[in-house]
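Take a look at the structure set out below.
Bear in mind that the values in this text are calculations on the coordinates, not laboratory data. Predicted model, so just to flag it, every value in this text is computed and none were measured. Quick reminder, even Gly has a Cβ in these numbers, built from the backbone with ideal geometry, and neighbours come from all protein chains shown.
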Amino acid sequence: MIVVMREGAREEEIQTVVNLLEGKGLSAHISQGVEKTVIGIIGPKERVRELSLEALPGVEKVMPVSNPFKLASRAFHPQDTMVQVGSCVVGGADPVIIAGPCSVESKDQILEIAHAVRAAGAHMLRGGAFKPRTSPYSFQGLGEEGLKYLALAREATGLPVVSEVMETEALPMMLEYVDILQIGARNMQNYPLLRAVGRTNKPVLLKRGLSATMEEWLMSAEYILAEGNPNVILCERGIRTFEKYTRNTLDLNAVPVVQHLSHLPVVVDPSHGVGNARYVIPMARAAVAAGAHGLIVEVHPNPPEALSDGDQSLTLEAFEQMVREVARVARALNEVADTAYAHKS
Ligand code: PEP
Ligand code: MN
């Protein structure tokens, strides 16, 4: 259920509603809109009804949220959420580009890539230090050493860094080094991990699970939001289908659908979505054309030698080309913005 306050409702009126809800053992989450404040209520509907909140001063209406996700829904938070990461904003009109290797392999490697992707126009740096590999015998990442190199690369370039947290126990360490915590596709339904990142204030890049529906994905975002962390960025990275020519099927339907259902920003990972560098640029262009708030792409100076995901990694030259092409798509999109954003109405 949500309580929509009247335009100009006073602070005391909002507080009265919150106090009544909390007095009944319900949890109240405030969304301060430009015009109106909305209070999201988590707890049984019957208990909310007993409070007759509609009769209170400042209350416009009390209504159910039809989706199973509440705090992630547009009903609760009508305007787009913008997640601030250093000087970048994810969720605004300009697509944010996150680039870097699948894995941090050495200090020199990450520094070289960081400088190169920044020069090409990236806004943030990615790099895995703890890798969720299908085989236990494959390179598992450099661990904390990798995080230290990422932090050095941030210092050297000013780019905020994104890296995957694989388990709850590693969270305190990750918080020291990264600007965005990535929750990998395989961990999208690791509820204790979602709760743990929800108890921090660090931005979270929540990847869609390999075979998760959009609803399941938004429910995972809900876990993070319900713990109090509003800084969630969704990431579409392809889902598993019967198709074999690509590693996954990049589900660009997700971009307008989740933008309609939710206020959270959504970025697209075409690298994991297709699994083959040849197809990354067209799908990066398509993601931006669909209205994605950003891209996260794998880049390596020498893909055949990469310790993970070389097949899908762009060379530095290809990345430069991608940035140029995507910028042109973004410019074109601005000109047709009325149709591009029709899903929000
Ligand atoms: C990655 O970003 O390198 C990664 C492992 O992604 P995903 O969890 O989407 O497979
Ligand atoms: Mn990868």
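Identify the residue in region 226-242 that is assigned to a loop (DSSP other than H, G, I, E, B) and within 16 Å of ligand 1 (Cβ to nearest atom) and, among all such residues, is surrounded by the fewest Cβ atoms within 10 Å (Cβ to Cβ). Write out each step before concluding.
Filtering region 226-242 down to residues assigned to a loop (DSSP other than H, G, I, E, B) leaves 227-231, 237-238, 240-242.
Next, from what is left, pick out any that are within 16 Å of ligand 1 (Cβ to nearest atom): 237-238, 240-241.
Values: 237: 24, 238: 26, 240: 13, 241: 11.
Checked region 226-242; the qualifying residue surrounded by the fewest Cβ atoms within 10 Å (Cβ to Cβ) is 241.
Starting from region 127-142, keep only residues that are without any contact (Cβ under 8 Å) to a residue 24 or more places away in the chain, then list their pairs with residues that are more than 9 Å from ligand 1 (Cβ to nearest atom) whose Cβ atoms are within a distance under 8 Å, requiring at least 6 positions of separation or different chains.
Correct list of pairs: 140/130.
Between 264, 210, which is surrounded by fewer than 20 Cβ atoms within 10 Å (Cβ to Cβ) and either aromatic (Phe, Trp, Tyr) or assigned to a loop (DSSP other than H, G, I, E, B) (or both)?
Working: 264 fails: surrounded by fewer than 20 Cβ atoms within 10 Å (Cβ to Cβ).
When all the criteria are applied, what remains is 210.
Here is a yes/no grid of residues against (1) crowded, with 22+ Cβ neighbours inside 10 Å; (2) of a type in the set (Lys, Arg):
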position: 224; (1), (2): yes, no
position: 244; (1), (2): no, yes
position: 252; (1), (2): no, no
position: 272; (1), (2): yes, no
position: 290; (1), (2): no, no
position: 305; (1), (2): no, no
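Taking residue 290 and the conditions (1) farther than 28 Å from residue 232 by Cβ; (2) away from ligand 1 (no atom under 16 Å from the Cβ); (3) small (Gly, Ala, Ser), which numbered condition does it fall short on, given that it satisfies the others?
(1)
Where in region 34-120 are the strands (runs of 3 or more DSSP E), entirely inside, with at least 2 residues that are out of contact with any Pro (no Cβ under 6 Å at 6 or more places or on another chain), free of Cβ contacts under 8 Å to residues at least 40 places away in the same chain and away from ligand 1 (no atom under 16 Å from the Cβ)?
On the way: elements: 37-42, 59-63, 83-85, 88-90, 96-100.
Because the criterion is at least 2 residues that are out of contact with any Pro (no Cβ under 6 Å at 6 or more places or on another chain), free of Cβ contacts under 8 Å to residues at least 40 places away in the same chain and away from ligand 1 (no atom under 16 Å from the Cβ), the strands (runs of 3 or more DSSP E) in region 34-120 that meet it are 37-42.
Just wondering, is there one or more residues in region 280-296 that are within 25 Å of residue 112 (Cα to Cα), free of Cβ contacts under 8 Å to residues at least 40 places away in the same chain, in a helix (DSSP H, G or I) and in contact with a helix residue (DSSP H, G or I) (Cβ under 6 Å, 6 or more places away or on another chain)? Please lay out each step first, then the result.
Residues of region 280-296 that are within 25 Å of residue 112 (Cα to Cα), as a first pass: 280-281, 284, 294-296.
Narrowing further to those that are free of Cβ contacts under 8 Å to residues at least 40 places away in the same chain: none.
No, there is no match, as no residue in region 280-296 is within 25 Å of residue 112 (Cα to Cα), free of Cβ contacts under 8 Å to residues at least 40 places away in the same chain, in a helix (DSSP H, G or I) and in contact with a helix residue (DSSP H, G or I) (Cβ under 6 Å, 6 or more places away or on another chain).
Identify all residues within region 257-282 that are within 15 Å of ligand 1 (Cβ to nearest atom), in contact with a Gly (Cβ under 6 Å, 6 or more places away or on another chain) and farther than 11 Å from residue 246 by Cα; write none if there are none.
Passing the criteria: only 267.
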